[in-house]
């Protein structure tokens, strides 16, 4: 049984990426989402959400299923994923979206060699996740 993972659905159906470790190096934040769009003529229009959203940045480690993680990281912006984590009191599930972390990279993140496990062919990925239901990530920090 997986300790943690992501579930998301696309045109090909539901996918479950099982992780051997929960998110690592987690940093919580509260941000007011902002969207920018270039209009005809080159003017940039910016909109900001009226409500702040809970976010976490973290690292997925020990990735052996490289293609599945790349597919998830390059999922359409705004697709909802479910992050789950087994805790002492049961499973915690959190609906999230991937937030662009680095401009020009699919889903805002890419894979890089895992510093401890690359000799075993495993990778890591930095991710930034935003709650989509107005909740917090408190259940992951207890």
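Points to keep in mind about this one:
- Single condition residue 17 does not satisfy, out of (1) without any contact (Cβ under 8 Å) to a residue 60 or more places away in the chain; (2) in contact with a strand residue (DSSP E or B) (Cβ under 7 Å, 6 or more places away or on another chain); (3) more than 15 Å from residue 98 (Cβ to Cβ): (3)
- Restricting attention to the range 9-43, the residues that are in a strand (DSSP E or B), modelled with pLDDT of 80 or more and farther than 19 Å from residue 135 by Cα add up to 9.
- Leading residue by the ranking (farthest from residue 66 (Cα to Cα)) among those in the range 104-120 that are at pLDDT below 70 and over 15 Å from the mean Cα position of the chain (by Cα): 104
- Filter result (free of Cβ contacts under 8 Å to residues at least 40 places away in the same chain and in contact with a strand residue (DSSP E or B) (Cβ under 6 Å, 6 or more places away or on another chain)) within the range 33-56: 34, 35, 36, 37, 38, 39, 44, 45, 46, 47, 48, 52
- Yes/no for residue 93 being more than 12 Å from the chain's Cα centre (by Cα) and either within 15 Å of residue 132 (Cβ to Cβ) or crowded, with 17+ Cβ neighbours inside 10 Å (or both): yes
The values are calculated or read from the model by the stated rules, or taken from the named source; none is laboratory data. Bear in mind the structure is a predicted one, so any value in this text is a computation, not a measurement. Neighbour counts are summed over all protein chains in view; Cβ atoms, including those assigned to glycine, are modelled from backbone coordinates with ideal geometry.
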